[in-house]
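Below is one structure, written out as C-alpha cells; comments come after it.
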Amino acid sequence: MGKPETESRRHFLRFLAASPLLAAWLPALAQQRVASEVLKASDALNVFELESIARRNIPPAHFGYLSGGVLDDRTITSNRQAFDAWGLRARRLIDVSNVDLSIRLFGKPLASPVILSPVSSQRAFHPHGEAAAARAAGKRKALQILSGLTTVSLEDVMAAHGGEVWQQIYTSNRPEAGLKIAARADAAGAGALVLTVDLAGGMRRETKVIGARADTRDCGACHRQGPGYDFSRKKMFDGIDLAGIFAGQSDSLTWDYVARLRDVSKKRLLVKGIMTAEDAAIAVRRGVDGIIVSNHGGRAEESLVGTLDVLPEIVAAVKGKIPILIDGGFRRGTDVFKALALGATAVCIGRPYCWGLGAFGEEGVNAALRLIDEELASTMRQTGITSIAGITKTSLSKRN
Ligand SMILES: Cc1cc2nc3c(=O)[nH]c(=O)nc-3n(C[C@H](O)[C@H](O)[C@H](O)COP(=O)(O)O)c2cc1C
C-alpha cells in the first residue's frame, strides 16, 4: 500500500525539480526557515540571513527603498558579478594563528578595513536609526560615514559612536545648503567630509515605487508632503531654508564646488561616486584627500559596470597618491579581500548593515560587521596572509 504513495511523491518531486516553480519556491522556503530559526542576531550565518529578517520587519515601502536600484536593478547585479571574475590562490603551511585586520586611514587607527557607507533615512529601518548603527560601529572601532540625509543628527551620532565619524554631503539644488552642512560638521568634529557626486540627472527608482505600492500604510502620515522632497526628518538640514529645495545633487554641480568646500572647512575631503580613471585623475589634480569608487550601490546610473570592475583602472590612475575606498555589493569577507588585493585601501558596505539594523537594531549592525570581519580573517588565513598590508594581487587568479 505504501509503494504507490512513495512513487507518486517521487514523481511529484521530479516534476518539481524540473519546474520553474522550484526556483520561485526555494527562496521563499529559505526565508521562512531563516525567519523561524534566526531568533537573535548571533544566530545569523551571514548577512543574507539578516536580509531575510529585515525584509520581514521593515514595511514594504521602506524595504523597497533600501533594496532597490534604478530601472531594472541590473547594476546591483553587476556589482555582485564583478567578484566572480577573481578566484583566490590558497596557500598552505604558513603560520596564520594571528591575523590582524587593523588599518590606519589618514593616520587614524581602525579595527577593520570595513567601513559603514552613508545610507540615508535609517529610522525608516529601525526606530533608533543611525544612532543604533553608531553604537555598534563605535564598539567595534569601525568608521561610520553619516549620510547628509540622516534622520539622527551628526552631533547625536558622534556621541553614540564615540570614535571616528565622517559626514557625507549632498549639495541639494542649493549649493549653499551643502556649505552650511560642511561648516556644521566641521564644528561638530567630524573626521572628514565626503562629497557625493553620482546623482546628476535624476534617478528612476522603480523598485522603490513598487514597494510603496505594496504598502497599505499612508505614506503621507509620516512624510511631510511638499514641493521638492521630504526634509521633515533630515536632521542636517535643520535651520536651512527648505523652500523649493530638493535632495540629491544639482545638475549644474562641477569640480569647482570642491574649492568652495575647502573654503568653509579644512577637514579631509573625499569625493564619492568615482567610476573612471579620468575622474580619479581629476580628483587627484584637484587636491582631494581620497576617493570612494562607487555607483551608489546601483542606485545612480544603470551602467551594468560593477565597482570592482573599474577598481584596477582607478588604482592605476591614482598611483598611490591618495587612499581609494570602494563600495557596491560587498557582502562577504572574500569580496572585501578581492578589493584590497586589487589596491583598495578600505571597503564600505551599505545595505548589509542596514539589513542588520532592520533585523535586530544595534545587535544586527554588530552582527553584519562581525560576520564580514570573520570571513575576511578566514580568507586571509586561507591565503596565508596575516595583515591587511600583506594582501596583494598575488593572492588572486583571474577566472574566465
Ligand atoms: C537606502 C540607501 C540609501 C543611501 N543613501 C545614501 C546617501 O544618503 N548618501 C550617499 O552618498 N550614498 C547613499 N547610498 C549609497 C551608499 O552609500 C553606498 O554607496 C551603497 O549602498 C553601497 O552599495 P551596497 O548597498 O551594495 O553595499 C545609499 C544606499 C542605500 C541602499
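The values are calculated or read from the model by the stated rules, or taken from the named source; none is laboratory data. Just so it is clear, the structure is predicted and the values come from calculations on it, not from any experiment. We place every Cβ from the backbone using ideal geometry, glycine too, and count neighbours over all the protein chains shown. When the accessible area is computed, the model is the full protein with side chains, heavy atoms only, and any ligands, DNA or RNA have been set aside. Shrake-Rupley method; radii C 1.70, N 1.55, O 1.52, S 1.80 Å.
May I ask you to verify whether Arg135 is open to solvent by 20 Å² or more (accessible area, probe 1.4 Å) and more than 13 Å from the ligand (Cβ to nearest atom)?
In short, yes.
Of the numbered conditions (1) in a loop (DSSP other than H, G, I, E, B); (2) over 18 Å from Gly297 (Cβ atoms), Gly87 fails exactly one; give the number of that condition.
(1)
Kindly establish whether Ser120 is assigned to a loop (DSSP other than H, G, I, E, B), out of contact with any strand residue (DSSP E or B) (no Cβ under 8 Å at 6 or more places or on another chain) and in the same structural domain as Ile391 (by TED's automatic domain parsing).
Yes, satisfied.
Filter the range 45-70 for residues that are closer than 19 Å to Val209 by Cα and either open to solvent by 70 Å² or more (accessible area, probe 1.4 Å) or charged (D, E, K, R) (or both) and give the result.
Hits for the range 45-70 are Arg55, Arg56, Asn57.
Residues Arg299, Arg285: which one is away from the ligand (no atom under 16 Å from the Cβ) and among the charged types (D, E, K, R)?
Arg285
When the residues of the range 345-355 are narrowed to those that are open to solvent by 10 Å² or more (accessible area, probe 1.4 Å) and touching a strand residue (DSSP E or B) at 6+ places or on another chain (Cβ under 9 Å), which ends up nearest to the ligand (Cβ to nearest atom)?
Once the filter is applied, the top-ranked residue is Gly350.
Out of Asp95, Asp156, which single residue is open to solvent by 50 Å² or more (accessible area, probe 1.4 Å), part of a helix (DSSP H, G or I), modelled with pLDDT of 95 or more and charged (D, E, K, R)?
Result of the check over Asp95, Asp156: Asp156.
With the checklist (1) open to solvent by 40 Å² or more (accessible area, probe 1.4 Å); (2) under 24 Å from Val293 (Cα atoms) in hand, flag the one item Ala182 doesn't pass.
(1)
Of a type outside the set (Ser, Thr, Tyr) and modelled with pLDDT of 85 or more: does that describe Asp198?
Taking the combined requirement at face value, the residue satisfies it.
I need a count of the residues in the range 123-132 that are more than 11 Å from the ligand (Cβ to nearest atom) and assigned to a helix (DSSP H, G or I).
Total satisfying the criteria: 4.
Quick check on Val194: is it assigned by TED's automatic domain parsing to the domain that holds Leu261, open to solvent by less than 10 Å² (accessible area, probe 1.4 Å), part of a helix (DSSP H, G or I) and not small (Gly, Ala, Ser)?
no
Just checking, does the range 98-110 include any residue being in a helix (DSSP H, G or I) and touching a Leu at 6+ places or on another chain (Cβ under 9 Å)?
Taking every residue of the range 98-110 in turn, none turns out to be in a helix (DSSP H, G or I) and touching a Leu at 6+ places or on another chain (Cβ under 9 Å).
In this structure, is Leu149 touching a residue at least 40 places away in the same chain (Cβ under 8 Å), within 19 Å of Gly297 (Cβ to Cβ) and in a loop (DSSP other than H, G, I, E, B)?
So Leu149 passes the test.
Where in the range 1-67 are there helices (runs of 4 or more DSSP H), lying fully within it, with 1 or more residues that are modelled with pLDDT of 95 or more?
Answer list for the range 1-67: 47-57, 60-67.
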